[in-house]
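Below is one structure, written out as structure tokens; comments come after it.
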Amino acid sequence: MDLNDSLAKFREQFIFPTNADGEVQVYLCGNSLGLQPKSAKKALENELEDWAKWGVEGHFHGKKPWFHYHKFLTDYTAEIAGAKPHEVVVMNHLTVNLHLLMFSFYRPTFVFNPESGKNEPKRYKIIMEAGAFPSDMYAVQTQVESFGLNYDDAVIELAPREGEYTLRTEDILQAIQTAGDSLALSFFSGVQYYTGQLFNMPAITEAAHKVGALAGFDLAHTAGNIDLQLHNWDVDFAAWCSYKYLNSGPGNVSGVYIHEKHGLNPETPRMAGWWGHKEDVRFLMKRGYIPEPGAAGWQMSNAPVFGMAVHLASLEIFHEAKIANLRKKSQSLTSYLEFVLLDVKSQNQHLQFEIITPSNPDERGAQLSILTNQNGKALFDHLFNNNIIADWREPNVIRMAPAPLYNSYQDIHALGEACLNFKP
Ligand SMILES: *Cc1c(COP(=O)(O)O)cnc(C)c1O
């Protein structure tokens, strides 16, 4: 399989961590922190050199003048998002961007009730998956509370059916329909960080629009993993980080998508800063905010060039490999992982786990999550001692994510061998 893999050559472009004996590790943790592209160091050095050489003039001189730096990332980011270039921008960090986007797209309405003498919320609910990533829960909580709303009333957390681990699309669509005109926003992840489930984004978006709500997605575990078509799916907004599947380094910048129907409308509310101001008059330093058209009009601060340089180096690799090709390999690689896990489980009685990620390749990305019994931590440690880096999530889940850019079928095979030797 590796010999026939046209993407296998990209593995050489990444640096793999080694253990204490200098042995290269099997890295299945790209869903958490992607590996470093070899090109990252030079990209960062270039900016340090330009800073040394040019000082402030580096904004207009040097290899990639900083004044326009965010634009060097636009076309590649649009490819990752499946969007038009003016629908994307790279800025800030993920949770910061979620707040900025909710400021724009979560606008609960209130009507005066003469009987109670109070303003009462009308269209104000947010629907999301139960057990969402904590940052998303906290962001949503503080957003609804900023309007004087109560989390338990304003937020619909959708949980799987009794005895099931993932949500059924039909149940999501039904819940959106039931929320009806009380629903302001549907806010799901693309790929769920814990279960690995890929939500049906076009169907969720369509259902939200049908009841007059907007649809936004947190694509932290989705960008660089799934071949997104955000524009064609009519998604209103989305944001993602660059350090998981996008391999751009710890805590690095975030990508944002805003559909052009909102982005090109200067009336769309937003939190503004000087970098989103119309570029040709940005330096006139005048009062009165005039947004750049598109997602660029949501920028607040000038571009953090060092982080963006690394992100750009990584996006160049995605551009070359092409996200559709990566998705195809990813489906095959993850199916092989599923096959190997089930095979070794049938051979080693000590292996007691259940794969909770959907078995249908169209309902998952590059990650499988296994729900373990009380031996779970021992299995995780055993894998670690056998040079295999997976990822432990409390209370009892091991996540494994073969990244199609740099993982091989042999990596999966090595995992299988290690599992066969497991004895708690
Ligand atoms: C990783 C992740 C985050 C992290 O947010 P940062 O602001 O980049 O720290 C947020 N939400 C989800 C769903 C994630 O998977």
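No value in this document is a laboratory result; all are computed from the given coordinates. Fair warning: this is a prediction, and the values are worked out from it, not measured in the lab. Methodologically, a virtual Cβ is constructed for each residue, glycine included, from the backbone with ideal geometry; neighbour enumeration extends over all protein chains shown.
In terms of other Cβ atoms within 10 Å, Ser314, Ser32 run from fewest to most in the order Ser32, Ser314. What number, rounded to the nearest 500 deg cm²/dmol, is the helix-based mean residue ellipticity at 222 nm of the chain, given -39500 (n - 2.57) per DSSP H run of at least four residues and division by all its residues? The helix-only estimate for the chain comes to -10500 deg cm²/dmol at 222 nm. Scanning the chain for trypsin sites (Lys or Arg not before Pro) that sit in a DSSP loop and have at most 16 other Cβ atoms within 10 Å, the longest stretch containing none of them is 169-277. Comparing Ser369, Asn421, Leu315 along the charge dipole axis of the chain, the residue lying farthest to the positive side is Leu315, per the Cβ-charge model. Label-to-label distance, Asp227 versus Glu145, with points set 7 angstrom from Cα along the beta-carbon direction: 4.3 nm.
By the scheme Lys and Arg +1, Asp and Glu -1, what is the net charge of all other residues having a beta-carbon under 13 Å from that of Val340? Can you show the working numbers first?
Working: positive: Lys345; negative: Glu338, Asp343, Asp411, Glu417.
Result for the local shell: -3.
Rounded to the nearest 20, the Cβ-based charge dipole of segment 66-321 about its Cα centre (Lys and Arg +1, Asp and Glu -1) stands at 800 debye. Using a ≥ b ≥ c from the Cα gyration tensor of segment 225-369 (square roots of the eigenvalues), is it rounded, prolate or oblate, where a/c under 1.5 gives rounded and otherwise the larger of a/b and b/c decides, a/b for prolate? Because a/c hits 1.5 or more and a/b exceeds b/c, segment 225-369 counts as prolate.
Model label sites at Lys38 and Phe60, defined 7 Å from Cα along the beta-carbon direction, differ in position by 3.9 nm. Short-range pairs are left out: with C-alpha atoms under 8 Å and at least six residues apart, the relative contact order of segment 275-382 is 17 percent. With the charge dipole of segment 75-126 set up from +1 on Lys and Arg Cβ and -1 on Asp and Glu Cβ about the Cα centre, the Cα lying farthest toward the positive end among the listed residues Asn92, Val111, Gly82 is that of Val111. For the chain, DSSP calls about 60 percent of its internal beta bridges antiparallel. Along segment 372-382 the Karplus relation, 6.51 cos²θ - 1.76 cosθ + 1.60 evaluated at θ = phi - 60°, assigns HN-Hα couplings of 9, 8, 5, 8, x, 5, 5, 5, 4, 5, 4 Hz to successive residues, with x for each Gly and Pro. Gyration tensor over the Cα atoms of segment 11-131: the corresponding equivalent ellipsoid has semi-axes (square roots of 5 times the eigenvalues, largest first) of 43, 26, 13 Å. Once the chain from Asn46 to Asn373 is taken as fully extended at 0.36 nm per residue, the excess over their C-alpha distance is 112.8 nm. In order along segment 179-189, the phi-based Karplus estimate (6.51 cos²θ - 1.76 cosθ + 1.60, θ = phi - 60°) of 3J(HN,Hα) comes to 5, x, 7, 7, 8, 9, 8, 9, 9, 10, 7 Hz; Gly and Pro are listed as x.
Once backbone amide H atoms are built at 1.01 Å from N, Phe14 has Lys38 as its partners under 5 Å, excluding neighbours fewer than 5 places away on the same chain. Spin-label model, Arg107 to Asp362: label points 7 Å out along the Cα-to-beta-carbon direction sit 3.6 nm apart. Within the chain, the longest run free of GluC sites (Glu not before Pro) that sit in a DSSP loop with at most 12 other Cβ atoms within 10 Å is 268-424.
The H on the amide N of Arg364, modeled in the peptide plane, is under 5 Å from the matching H of Leu198, each at least 5 residues off or on a different chain. For Glu129, nonlocal amide neighbours, meaning residues 5 or more places apart or on other chains whose placed amide H falls under 5 Å from its own, are Leu158, Ser189.
Segment Tyr289..Ser6, full-extension length gain: 97.0 nm, with 0.36 nm per residue of separation and the alpha-carbon distance subtracted.
The distance from the alpha carbon centre of segment 353-387 to that of segment 319-337 is 19 Å, rounded to a whole number.
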